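I have placed the structure first, in the form of structure tokens, so that the comments after it can refer back to it.
The values are calculated or read from the model by the stated rules, or taken from the named source; none is laboratory data. Everything numeric in this text was worked out from a predicted model, so none of it was measured. So basically every Cβ, Gly included, is an ideal-geometry build from the backbone, and we count neighbours across all protein chains shown.
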Amino acid sequence: MAIYTLTTDFGIREHYVAAVKGNILKLEPQATLIDISHSLLHKQWQSSAYVIHNAYPHFPTGTTHIIGINLLYSSSPQLIFMEHEGHKFIAPNNGILSLVFNTTIPQMYSAPFEPDAIIDKYPIILAQLAVQLASNTPLDQIGSPLIHYQRLIPILAFSHNNTLKGVVSYIDQQGNVISNISIHDFKKTSNGRKFSLLSKRNEKDNNIHKTYTSVNVGEKAIFFNSDGFLQISINNDSAANMLGLKLNDPITFQFYDN
């Protein structure tokens with residue numbers, strides 16, 4: 001019984017997600033369909049990539065992941081697909097996969113559908129392609145190897161002198177602020193030194209907490225979350241609202257030798 005995930009910007013009020021699921025079930029009535037998110041915004045590439053990158057490893061190998069972020073990105077959209085560590089991925093050729101996998105990207109394939117068909121019948125086409133991939137048909141029998149595909153440049157944390165600089169890459173529903181600074185980046189740059197964390201309002205913080213409940217209600221907690229990225233939270237409130245932080249705002253660690 002195949003497992004399919006759906007991550008889209010289709011929203012939850014309209015019928016589009018249900019249409020994709022219905023067409024999958026027509027072809028494979030025993031399919032397991034899992035929603036990752038349908039509330040992502042089609043221009044927030046970094047946030048969408050964060051959700052996909054941190055969700056897919058939790059699924060069994062063999063899962064087929066359908067990505068519908070800015071699906072109709074042009075008047076001639078193209079669908080592409082790939083396999084990575086036993087997971088299959090379908091996405092528009094708009095660069096989203098280059099952010100999900102910002103290191104070496106496996107061989108990409110072009111899906112054999114005309115742009116007009118994708119525009120007019122994408123719920124049917126996404127379902128057909130997903131079921132084909134889940135059937136373990138060799139990828140080169142489904143589509144053509146793709147040499148050139150759209151890439152987006154990821155926003156990466158970087159160190160310079162005694163600083164480690166990153167940005168806000170995701171804000172969740174509770175207003176928790178997540179940066180692109182990983183615990184690996186922090187440990188490598190800090191080397192055990194004291195530090196200050198500076199954000200938008202130039203507030204300085206000097207402690208890393210275990211979690212947001214390590215502080216009192218209404219207080220700010222800074223910690224590395226379960227995905228390994230720096231998170232700024234306020235216990236029982238929205239850090240984004242209280243601190244005035246939004247996507248792509250700078251987050252900087254300043255390290256001190258003494």
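Yes or no: GLY143 buried (at least 19 other Cβ atoms within 10 Å of the Cβ) and either under 15 Å from TYR109 (Cα atoms) or not assigned by TED's automatic domain parsing to the domain that holds VAL17 (or both)? Explain how you work it out, then say what you get.
Working: buried (at least 19 other Cβ atoms within 10 Å of the Cβ): yes; either under 15 Å from TYR109 (Cα atoms) or not assigned by TED's automatic domain parsing to the domain that holds VAL17 (or both): yes.
Criteria met by GLY143.
Would you check which residues across the range 113-150 are β-branched (Val, Ile, Thr), assigned to a helix (DSSP H, G or I) and farther than 23 Å from THR5 by Cβ and list them? Working first, answer last.
Start the filter on the range 113-150 by keeping residues that are β-branched (Val, Ile, Thr), which leaves 118-119, 124-125, 131, 137, 142, 147.
Those left that are additionally assigned to a helix (DSSP H, G or I): 118-119, 124-125, 131, 142.
Selection gives ILE119 alone.
If I go through the range 11-37 residue by residue, how many of them are in contact (Cβ under 8 Å) with a residue 40 or more places away in the chain, of a type in the set (A, V, I, L, M) and surrounded by fewer than 18 Cβ atoms within 10 Å (Cβ to Cβ)?
Count: 2.
Tell me whether the range 16-25 contains one or more residues that are within 23 Å of SER226 (Cβ to Cβ), outside any loop (DSSP other than H, G, I, E, B) and among the charged types (D, E, K, R).
Step one: filter the range 16-25 for residues within 23 Å of SER226 (Cβ to Cβ), giving none.
The answer is no; no qualifying residue exists.
Are any residues in the range 228-238 touching a strand residue (DSSP E or B) at 6+ places or on another chain (Cβ under 8 Å) and not in a strand (DSSP E or B), and if so, which ones?
Initial filter on the range 228-238 (touching a strand residue (DSSP E or B) at 6+ places or on another chain (Cβ under 8 Å)): 228-235.
Matches in the range 228-238: GLY228, ASN235.
Just to be sure, is ALA157 closer than 30 Å to ASP249 by Cβ, free of Cβ contacts under 8 Å to residues at least 60 places away in the same chain, in contact with a helix residue (DSSP H, G or I) (Cβ under 8 Å, 6 or more places away or on another chain) and aliphatic (A, V, I, L, M)? Full working, then the answer.
Values: closer than 30 Å to ASP249 by Cβ: yes; free of Cβ contacts under 8 Å to residues at least 60 places away in the same chain: yes; in contact with a helix residue (DSSP H, G or I) (Cβ under 8 Å, 6 or more places away or on another chain): yes; aliphatic (A, V, I, L, M): yes.
Yes.
For the range 75-100, give me the residue count where each residue is in contact (Cβ under 8 Å) with a residue 24 or more places away in the chain and either farther than 11 Å from LEU152 by Cβ or not assigned by TED's automatic domain parsing to the domain that holds GLN44 (or both).
At the first step, the residues of the range 75-100 found to be in contact (Cβ under 8 Å) with a residue 24 or more places away in the chain are 75-83, 85-100.
Cutting the leftovers down to either farther than 11 Å from LEU152 by Cβ or not assigned by TED's automatic domain parsing to the domain that holds GLN44 (or both) gives us 75-83, 85-93.
Summing the residues that are in contact (Cβ under 8 Å) with a residue 24 or more places away in the chain and either farther than 11 Å from LEU152 by Cβ or not assigned by TED's automatic domain parsing to the domain that holds GLN44 (or both) in the range 75-100 gives 18.
What number of residues within the range 38-50 satisfy the criterion of being surrounded by fewer than 19 Cβ atoms within 10 Å (Cβ to Cβ) and touching a strand residue (DSSP E or B) at 6+ places or on another chain (Cβ under 6 Å)?
Final tally of qualifying residues: 2.
Please name all residue pairs, on different chains or six or more residues apart, with Cβ atoms under 7 Å, provided the first residue is in the range 213-239 and is under 18 Å from GLY166 (Cβ atoms) and the second residue is in a helix (DSSP H, G or I) and of a type in the set (Val, Ile, Thr).
So the pair list comes out as PHE224/ILE183; GLY228/ILE183.
In the range 71-112, which residues are assigned to a loop (DSSP other than H, G, I, E, B) and among the β-branched types (Val, Ile, Thr)? Break it down stepwise before answering.
Going residue by residue through the range 71-112, those that are assigned to a loop (DSSP other than H, G, I, E, B) are 71-78, 85-86, 93-95, 101-107, 111-112.
Within the range 71-112, THR103, THR104, ILE105 qualify.
Using the structure shown, decide if ILE181 is in the same structural domain as LEU99 (by TED's automatic domain parsing), in contact (Cβ under 8 Å) with a residue 40 or more places away in the chain and surrounded by 12 or more Cβ atoms within 10 Å (Cβ to Cβ). Explain how you work it out, then say what you get.
On the way: in the same structural domain as LEU99 (by TED's automatic domain parsing): no; in contact (Cβ under 8 Å) with a residue 40 or more places away in the chain: yes; surrounded by 12 or more Cβ atoms within 10 Å (Cβ to Cβ): yes.
So ILE181 fails the test.
Looking at TYR50, TYR56, can you tell me which residue is at pLDDT below 95 and either part of a helix (DSSP H, G or I) or within 12 Å of the chain's Cα centre (by Cα) (or both)?
Result: TYR50 is the single residue among TYR50, TYR56 that is at pLDDT below 95 and either part of a helix (DSSP H, G or I) or within 12 Å of the chain's Cα centre (by Cα) (or both).
Could you list, in sequence order, the residues of the range 217-238 that are among the small types (Gly, Ala, Ser) and under 15 Å from LYS204 (Cα atoms)?
If we filter the range 217-238 for residues that are among the small types (Gly, Ala, Ser), which is where we start, we get 218, 221, 226, 228, 233, 238.
Listed by number, the residues that qualify are ALA221, SER233.
For the range 1-47, what are the residues that are within 11 Å of the chain's Cα centre (by Cα), modelled with pLDDT of 95 or more and not hydroxyl-bearing (Ser, Thr, Tyr)?
ILE36
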